[in-house]
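See below for the structure under consideration.
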Amino acid sequence: MTYIFPLNREAIETVLPHRDPMLFIDRVNAATETSISAHTFVDPDWSVFQGHFPELPVMPGVLLIETIAQAGALILGLKGVVPDGVFVGLTGVELAKFRRVVSPGDTLNVYVELTRERRGFYKFEGKIDVEDDIVAELKFAAAQMSL
């Protein structure tokens, strides 16, 4: 399949199995066979903010990791290496650093690079920035898994 960038959420849903409330990529700005640039708007109405520090809402670090992992899975899906009946699952987070709080209303710029690929196993490096200020970065692994 040929993709024309940017990709909107509807096009992303043709590649990823995630759906609301767990789809965290709103748009793919550009992608190659080894990298992706995407973004998402941190909606103040997300239900997570009702319980994660309601007086001072903060996007949980685990959701930042999930956002980066979804971008990694998109690289593989867009290049067509994920067969039907298989999904790409996170298998490890090697190094995660959180540099700044992410608040409702922020726009996350997500960048991921595929650094290694071998027989259905993958290694990635990713980061998120908000207005050119890095908020999270990590190295992670993923693998193809049967449904």
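The lysine pair tally for the chain, using Cα distances under 15 Å and a gap of 8 or more places or different chains, is 4. Which GluC sites (Glu not before Pro) in region 1-67 sit in a loop by DSSP (not H, G, I, E or B) and have at most 11 other Cβ atoms within 10 Å of their own Cβ? Here the sparse-neighbourhood loop sites are 55.
With r as the distance between the Cβ atoms of residue 84 and residue 4 and R0 = 22 Å, compute the FRET efficiency 1/(1 + (r/R0)^6) and round to 0.05. Here the calculated transfer efficiency is 0.45. Listed values for region 134-143 are Karplus-derived 3J(HN,Hα) couplings in whole Hz (6.51 cos²θ - 1.76 cosθ + 1.60, θ = phi - 60°), namely 5, 10, 7, 8, 7, 10, 8, 10, 8, 8, and x replaces Gly and Pro. What a 1.4 Å probe finds exposed on the chain is 51% carbon and sulfur by accessible area, rounded to a whole percent.
Counting only DSSP H runs of at least 4 residues, each contributing -39500 (n - 2.57), and dividing by the residue count of the chain, the helix-based mean residue ellipticity at 222 nm comes to -5000 deg cm²/dmol.
Each Cα pair under 8 Å and six or more residues apart adds its separation to the average, and for the chain the resulting relative contact order is 25 percent. Note that the chain presents 56 Å² accessible area per residue, ligands and nucleic acids not counted, probe 1.4 Å.
For the chain, the longest principal axis of the Cα atoms and the long axis of helix 61-78 meet at an angle of about 30 degrees.
When restricted to Cα atoms, the chain yields an Rg and a Dmax of 14.7, 47 Å, respectively. The C-alpha radius of gyration of region 4-84, expressed as a fraction of 2.2 N^0.38 Å, stands at 1.17. For residue 91, the residues whose modelled amide H falls within less than 5 Å of its own, excluding neighbours fewer than 5 places apart on the same chain, are 141, 142, 143. Could you work out how far the C-alpha centroid of region 48-62 sits from that of region 68-126, in angstrom? Spelled out, the Cα-based centre of one part sits 23 Å from the other.
The values are calculated or read from the model by the stated rules, or taken from the named source; none is laboratory data. For clarity, every value in this text was computed on a predicted model and none was experimentally measured. Heads up, the Cβs are rebuilt from the backbone with ideal geometry, glycines too, and the neighbour counts pull from every protein chain shown. Accessible surface areas use protein heavy atoms only, side chains included; no ligands, DNA or RNA. Shrake-Rupley method; radii C 1.70, N 1.55, O 1.52, S 1.80 Å.
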